[in-house]
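The values are calculated or read from the model by the stated rules, or taken from the named source; none is laboratory data. Note that the coordinates shown come from a computational prediction; the quantities given were computed from them, not determined experimentally. Using ideal geometry, Cβ is built from the backbone for each residue, glycine included, and neighbour counts are taken over all protein chains shown. Calculation scope for accessible area: heavy atoms of the full protein, side chains included, ligands and nucleic acids excluded. Shrake-Rupley method; radii C 1.70, N 1.55, O 1.52, S 1.80 Å.
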Amino acid sequence: GTRARDALAKAIYSGIFDWLVGTINKQFSKGRKGRSFDMLLNVGILDVFGFEVFGNNSLEQLFINYANEKLQQFFNQYVFKSEQGLYAEEGIDVGFVRFRDNQECLDLIEGAAKKRSFGVKIPSLLKILDECVVMPKPTDEKLLRRFIETHNLITSTTSKNPTANKHFSAKRSSKHTFVIKHYSGDVAYNVTGFIVKNKDHVHLSLKDLLRASELSILSGLFPPEAEAKND
């Protein structure tokens, strides 16, 4: 059906993109064995969408805004955190530049690298989305319930949720909408369609079809050894 077609198209697009990056890296590293990565020729490409805020914001806007949060964190890390640490090591007093750290917003979307103080790793929005997709009879409403029960300050059972994230908010009675406080401002997302859009499982028969392709780019997208590792 159309879902299988769309999942295959996503997999091919993603695989060819990875192949292109890998091919470019191999070309730049030819004849430079034994040298560190920093000594290799390299090309950096920064493609910034800019934050998207529409009348109706869906999963696509969440992914685009998530990518921009990552870029902002990269900027914070290497322009503020690293540089200020370097100046401090060299005894140069340049004063402390205050900046808004968006790490907690990233923790909300992608998950924290470390466990919280009470010993439980809080599932991120993306983790919850992936979990809900494989559950029996998943719905967008059930997904939003999980978001709220995990990250909202006020839930169906408490007004002081210990796992709440200050960058997430939603009305307890909300059926479709939640808000993320991004570094550039608040964005309200409508969960309608989140489940369907995240169903990108590629059927084994389609993987076998690509493996039989005469084009090496396509036949290498789903190597059998990768399947064995996942089983």
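Measuring between their Cα centroids, the stretch 108-187 and the stretch 193-221 lie 30 Å from each other. For Phe178, the residues 5 or more places off, or on other chains, whose built amide H falls under 5 Å of its own are Tyr189, Val191.
Anisotropy class assigned to the stretch 76-162 is prolate, per the alpha carbon gyration tensor with a/c at or over the 1.5 cut-off and a/b larger than b/c. Counting only aspartates and glutamates at least 8 places from Lys199 when in the same chain, those with an alpha carbon closer than 13 Å to its own are Asp6, Asp130, Glu131, Asp140.
Amide H to amide H, with H built 1.01 Å from N, Phe168 comes under 5 Å of Lys181, counting only residues 5 or more places away or on other chains. Sequence-ordered 3J(HN,Hα) estimates for the stretch 166-176 from the Karplus curve with 6.51, -1.76 and 1.60 and θ = phi - 60° stand at 5, 8, 10, 8, 6, 5, 4, 8, 5, 10, 9 Hz, glycine and proline given as x. Here the stretch 80-231 has 56 percent of its accessible surface on carbon and sulfur atoms, given a 1.4 Å probe and all protein chains in place.
Between Val94 and Phe54, full extension at 0.36 nm per residue minus the direct alpha carbon distance yields a gain of 10.4 nm. Ligands, DNA and RNA are left out, and with a 1.4 angstrom probe the accessible area of the stretch 55-169 is 60 Å² per residue.
Applied to the stretch 178-189, the Karplus parametrisation 6.51 cos²θ - 1.76 cosθ + 1.60 on θ = phi - 60° returns per-residue 3J(HN,Hα) values of 9, 10, 10, 8, 7, 5, 8, x, 7, 10, 8, 10 Hz, with x for Gly and Pro.
Taking a straight line from the alpha carbon of Lys121, these lysines sit under 22 Å away, with near neighbours fewer than eight places off in the same chain left out: Lys70, Lys142, Lys160, Lys166, Lys181. Rounded to the nearest 0.05, the FRET efficiency derived from the C-beta distance between Lys127 and Ile217 at R0 = 30 Å is 0.45. Backbone geometry of the stretch 210-220 corresponds, through the Karplus equation with coefficients 6.51, -1.76 and 1.60 at θ = phi - 60°, to 3J(HN,Hα) couplings of 5, 4, 8, 5, 7, 7, 4, 4, 6, 5, x Hz, x marking Gly and Pro.
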